[in-house]
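Visitor: Would you mind keeping the following structure in view while I ask a few things?
The values are calculated or read from the model by the stated rules, or taken from the named source; none is laboratory data. Bear in mind the structure is a predicted one, so any value in this text is a computation, not a measurement. Don't worry about glycine lacking a Cβ; one is built from the backbone with ideal geometry, like all the others, and counts go over all protein chains shown.
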Amino acid sequence: MSLLKINDLKCHYLTDADTVRAVDGISFEIGEGEILGIVGESGSGKTTVALGIMGLLPENTAISGEILYRDELISSLPESEMDRFRWKDIAIVFQNSLEVMNPVMKVGVQVTEPMIRHLGFSPEKARSKCADLFRTVGLDPKWMDSYPHQLSGGMRQRVLLAMALSCDPKFLILDEVTSALDAFTRKEIRDLLVALQKKNGYTMLMISHDITFVSSVASRIAVMYSGRVVETGPVRDILVSPRHPYTRGLVHSTPDIFVYKDLWGIPGDVPAGDEFKGCPFSPRCTQKIDICKDATPVLMPIGGGREIACHRGGIAGLLEARNLSFSYRLPDGEYLRAVDNVSLEVREGEVLAVVGQTGSGKSTLAHILANVIKPECGEVLFMDGNAGGGSYGNKVNGIQIVFQDPFSSTSNRFTVLDAVKEPLYINKIGSNGDRLQMVKNALELVRLPTTDNFLSKYCGELSGGQRQRVALARAMVMEPKLLIADEITSALDVSTSANVLRLLKGLQNRRGFAMIYISHDLSLTLKIADRIAVMNSGKIVEMGNSHDVMLSPYDEYTKRLVGSRIGLCCHNH
Amino acid sequence: MEKDRNSFIFRLLSTLFVILAINFFLPRMMPGDPFSTTSADEVGEEIIVMTEEQRLYYLNYYGLDRPLYEQFLVYMKNLMTGDLGRSIYYKMPVSDVIMLHLPWTVLIVVGATVISTISGVILGTLSAKNRKKGSDRIMMTGLIAFAEIPSFLLGLILLLVFSVYLRLFPLAGAVTPFADYNGPAEQAWDILYHAFLPIVTLSLSQLTGVYLLTRNTLITVTTKDYIRTARAKGLGEKTVWIRHALRNALLPVVTRTGFMIGIMMGGVVLVESVFSYPGIGMTLRSAVVGRDYPLIQGILLVIAVSILVCNLLVDKIYGKLDPRVGI
């Protein structure tokens, strides 16, 4: 039986100027003893849900839908009736802030207050229980006689926790309890919560933007975006394989999960308009289709206890390669299996890195995927094969490849304009005037000048870094959905390669195309990859989330690869 | 701590010195002197027009013909010994004159402070609770319009209505002249009866300020997180409002009360004049008219010191009420 049930809850803040749809139709259930986490960035409506359950929303809020506690409707109770449930049944641990407690009242008094009111305790009895609670949450009872401003943030958070536990509630709401705390305190509070929950079997609703914290305590997670739940399911599943593009962005922006990767947030902001149509995430989504603009997706079960609200059924596959093989014929007549029965999948908007030592078949694989060479057997499907085999490189929104050596991939005798314009020219895209503008846009994207002077420069006059950017611009001019970058920084010096790589990842993050990044440099790869495929002798020996592959490789070859990084002199073990 | 205390005392003393200097020089900058008064304040008062010879004699007698700095030094020296000088008009020590009239002023100022604060807080709370409703709007508009009436005009209106037409209250004085009381209760009643209208006038002049401050602070306070916390705890409306909201909202009201006493000490001059109430305000007025320098100085000093003391008290009380201050 569910302890708390929410049906199609909507909370709209009405102001003179407009209506803010803080919560826009969410439903969920929490069973007895269960811990549900709600995550989402600030402004997604998480706290409004918490306040809605407590009946604490401001007067200018239009509330519809129902909140049931033990099958009793509590969403439309008058203030005095609601007081029956508050604290004795449902208590909330607020986010610690200086003014969350009455500044002119001793904290002990503030903790005992509800006990005296709801449990009918005498002040002495309440005080002694308060001392017990303080010890439970790891505070010396001597702090009972201090004022809120005399306590540190962590201590205040403990007092707030003690306060919430004072009347032995059944259901505990935790609203951003750790977001203002340092790492040590955060961990202590987490351990405390886990221990308390084990001991007393609280049912909990944990609200936080801190996905690491929530996932370490909760069993189920609901991801909120712009007042709606976009994905829900068991914690582990959501963290390992997020299915909604927003969830993936959130997981990827979490430094605790992707320890090595550079931090890249989700580009764009939560839509603020009150009359928003369609999927709220669509302005930031990398895989939006026409329907996303017009209709709001509803939460649909996808199996495994997971639900997702996305017109495309979650993150869509972009490219699928099945059983690819390719052999080179050596001068002595022998065949060398460069690519041996490789299957892989690239999803919308993700960065897949293919790593391996020189000669492991990475570049051959890249060339097959880019349709530069034909595989002996196996097939490559791009966008479910809709684009038709073979032609996806010649089209806008197709696949583009950038090669390792810019000095051979761009002709010395081409001007910058000609080099970048070439694919448009060959594929007969746009008029001459359009093409010039497209070239300029592409050059701007890769941070190259767009002056006539620069456009008429010969590629031979450019530096290595500039030439690689021209090559990149030539790929970008076709606005690819998938970019294959084959060792694009290995011919460049450290600083230039860092610049090019950051530029590339920035472009990928902003434009939302998917990327296959091929490299032998594990350290660089870890900075940008979401997933890693490790290649050895033409086979993919291991594939997984970049942090998993890096932290716990299972294949012998991967272990060697991870172990082969040369440490600096001071890091020698 | 020790250093803070010293600098505090130094600041207090220097403030006092500046006040003393102003008190001393300001009356002397007014045209005329105590012996050239030519107008009578009340009908029937004898006008004594002195000859030039007599005038010079008296100026010399009171030491007013000596250079100003010399007079100032003498004044300061006497002050050190607690001597405020002799009143020229009353022909008795200034301290005696003040002690004779000060209690009446204290009575109406304290009375007005208590009444205006309590009723202002109650009205402000009611208004804040019914925010944006009819009663709040009416109270707010009414009291703000009311505050625009100067206190002496208000006093005149009250005097006309209640004393002249309705004859409910006396026209002047602090006690019934030549009264023979049967016990202290009757005396107290008589005193209150006379003090009633002046107190009401002074209270009304301060009421709107307290009301607005309470109302607005309460409205701000009720949006604070700790009020939400108190609500979440299910403590009930009454506890939330009184224990949590009002307790915090009263802090600025306390500060204001300190200033208010200062403002009232000034305003009391006019109110006492309207009701012919024999406090120091009226005494000051007649002292100014008569250019009774020592008395002017004495009364201004008492007013200044009482304001300083009030502010000091408010600081102390505030420190007790708000644990965030002064630790």
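Visitor: Report yes if some residue within the stretch A:417-424 is touching a residue at least 12 places away in the same chain (Cβ under 8 Å), touching a Pro at 6+ places or on another chain (Cβ under 9 Å) and of a type in the set (Lys, Arg); otherwise report no.
Guide: Of the stretch A:417-424, the ones touching a residue at least 12 places away in the same chain (Cβ under 8 Å) are A:417, A:419-424.
Still in the list and also touching a Pro at 6+ places or on another chain (Cβ under 9 Å): none.
No, the stretch A:417-424 contains no residue that is touching a residue at least 12 places away in the same chain (Cβ under 8 Å), touching a Pro at 6+ places or on another chain (Cβ under 9 Å) and of a type in the set (Lys, Arg).
Visitor: Now a separate question. Give the stretch A:101-144 a look and list any residue that's part of a helix (DSSP H, G or I), surrounded by 22 or more Cβ atoms within 10 Å (Cβ to Cβ) and within 12 Å of chain B (Cβ to nearest Cβ), or say none.
Guide: Scanning the stretch A:101-144 gives A:VAL107, A:GLN110, A:VAL111, A:THR112, A:GLU113, A:PRO114, A:MET115.
Visitor: Condition test on A:ASP168, is it of a type in the set (Asp, Glu), more than 13 Å from chain B (Cβ to nearest Cβ) and farther than 23 Å from A:ALA218 by Cβ? Walk me through it before giving the result.
Guide: Working: of a type in the set (Asp, Glu): yes; more than 13 Å from chain B (Cβ to nearest Cβ): yes; farther than 23 Å from A:ALA218 by Cβ: no.
Taking the combined requirement at face value, the residue does not satisfy it.
Visitor: Could you say which residue among A:ARG474, A:ARG560 is surrounded by fewer than 19 Cβ atoms within 10 Å (Cβ to Cβ) and either outside any loop (DSSP other than H, G, I, E, B) or in contact with a strand residue (DSSP E or B) (Cβ under 6 Å, 6 or more places away or on another chain) (or both)? Before the answer, list the steps.
Guide: Values: A:ARG474 fails: surrounded by fewer than 19 Cβ atoms within 10 Å (Cβ to Cβ).
Answer to the selection: A:ARG560.
Residue by residue, here is whether (1) crowded, with 20+ Cβ neighbours inside 10 Å; (2) farther than 30 Å from A:MET115 by Cα; (3) in the same structural domain as B:MET99 (by TED's automatic domain parsing); (4) within 11 Å of the chain's Cα centre (by Cα) holds:
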site: B:ASN216; (1), (2), (3), (4): no, yes, yes, no
site: B:ALA232; (1), (2), (3), (4): yes, no, yes, no
site: B:ASN248; (1), (2), (3), (4): yes, no, yes, no
site: B:PRO252; (1), (2), (3), (4): no, yes, yes, no
site: B:ILE261; (1), (2), (3), (4): yes, yes, yes, yes
site: B:ILE280; (1), (2), (3), (4): yes, yes, yes, yes
site: B:THR283; (1), (2), (3), (4): yes, yes, yes, no
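Visitor: Consider A:ILE74 carefully, then state whether it is of a type outside the set (Gly, Ala, Ser), crowded, with 18+ Cβ neighbours inside 10 Å, within 26 Å of A:ILE6 (Cα to Cα) and more than 8 Å from chain B (Cβ to nearest Cβ).
Guide: For A:ILE74, the condition - of a type outside the set (Gly, Ala, Ser), crowded, with 18+ Cβ neighbours inside 10 Å, within 26 Å of A:ILE6 (Cα to Cα) and more than 8 Å from chain B (Cβ to nearest Cβ) - is met.
Visitor: Scan the stretch A:38-63 for residues that are surrounded by 23 or more Cβ atoms within 10 Å (Cβ to Cβ), in contact with a helix residue (DSSP H, G or I) (Cβ under 9 Å, 6 or more places away or on another chain) and farther than 20 Å from A:TRP87 by Cβ and jot them down.
Guide: Selection gives A:ILE38, A:VAL39, A:GLY40.
Visitor: Are any residues in the stretch B:114-135 surrounded by 17 or more Cβ atoms within 10 Å (Cβ to Cβ) and touching a helix residue (DSSP H, G or I) at 6+ places or on another chain (Cβ under 6 Å), and if so, which ones?
Guide: B:ILE115, B:SER116, B:THR117, B:GLY120, B:VAL121, B:LEU123, B:GLY124, B:SER127, B:ALA128
Visitor: While we're on this one: With the checklist (1) away from chain A (no Cβ under 14 Å); (2) buried (at least 20 other Cβ atoms within 10 Å of the Cβ); (3) farther than 20 Å from B:SER127 by Cβ in hand, flag the one item B:ASN182 doesn't pass.
Guide: (2)
Visitor: Taking the stated definitions as given, is A:GLN197 closer than 28 Å to A:ILE67 by Cα, away from chain B (no Cβ under 14 Å) and in contact with a helix residue (DSSP H, G or I) (Cβ under 8 Å, 6 or more places away or on another chain)? Give the derivation first.
Guide: Details: closer than 28 Å to A:ILE67 by Cα: yes; away from chain B (no Cβ under 14 Å): yes; in contact with a helix residue (DSSP H, G or I) (Cβ under 8 Å, 6 or more places away or on another chain): yes.
The answer is yes for A:GLN197.
Visitor: Under 28 Å from A:HIS252 (Cβ atoms) and either touching a residue at least 40 places away in the same chain (Cβ under 8 Å) or surrounded by 16 or more Cβ atoms within 10 Å (Cβ to Cβ) (or both): is that true of A:LEU381 in this structure?
Guide: In short, yes.
Visitor: I'd like to know if the stretch A:366-374 contains one or more residues that are over 29 Å from the mean Cα position of the chain (by Cα), farther than 25 Å from A:ASN427 by Cα, at pLDDT below 85 and β-branched (Val, Ile, Thr). Spell out the reasoning first.
Guide: First, pick out the residues of the stretch A:366-374 that are over 29 Å from the mean Cα position of the chain (by Cα): A:367-368, A:371-374.
Narrowing the set further to residues that are farther than 25 Å from A:ASN427 by Cα leaves none.
Taking every residue of the stretch A:366-374 in turn, none turns out to be over 29 Å from the mean Cα position of the chain (by Cα), farther than 25 Å from A:ASN427 by Cα, at pLDDT below 85 and β-branched (Val, Ile, Thr).
Visitor: Now, a different point. Go through A:GLY31, A:GLY65, A:GLY55, A:GLY25 for me and flag whichever is within 13 Å of chain B (Cβ to nearest Cβ) and more than 30 Å from A:ASP140 (Cα to Cα).
Guide: On the way: A:GLY31 fails: within 13 Å of chain B (Cβ to nearest Cβ); A:GLY65 fails: within 13 Å of chain B (Cβ to nearest Cβ); A:GLY25 fails: within 13 Å of chain B (Cβ to nearest Cβ).
Every option except A:GLY55 fails the conditions.
Visitor: Assess whether A:LEU161 counts as being hydrophobic (A, V, I, L, M, F, W, C) and not in a strand (DSSP E or B). Lay out the reasoning, then the answer.
Guide: Working: hydrophobic (A, V, I, L, M, F, W, C): yes; not in a strand (DSSP E or B): yes.
Yes; evaluated as a whole, the condition is true for this residue.
Visitor: Here is a further query. Are there any pairs with C-beta distances below 8 angstrom linking a residue in the stretch B:147-163 that is assigned to a helix (DSSP H, G or I) to a residue that is among the small types (Gly, Ala, Ser), with the two at least 6 apart or on different chains, and if so which?
Guide: As it stands, the answer is B:ALA147/B:SER205; B:ALA147/B:GLY209; B:SER151/B:SER205; B:SER151/B:GLY267; B:PHE152/B:SER273; B:LEU154/B:SER205, since those pairs meet every condition given.
Visitor: Go over the candidates A:THR178, A:THR185 one by one and state the one that is of a type in the set (Ser, Thr, Tyr), crowded, with 23+ Cβ neighbours inside 10 Å and at pLDDT below 85.
Guide: Numbers: A:THR185 fails: crowded, with 23+ Cβ neighbours inside 10 Å.
Among A:THR178, A:THR185, only A:THR178 is of a type in the set (Ser, Thr, Tyr), crowded, with 23+ Cβ neighbours inside 10 Å and at pLDDT below 85.
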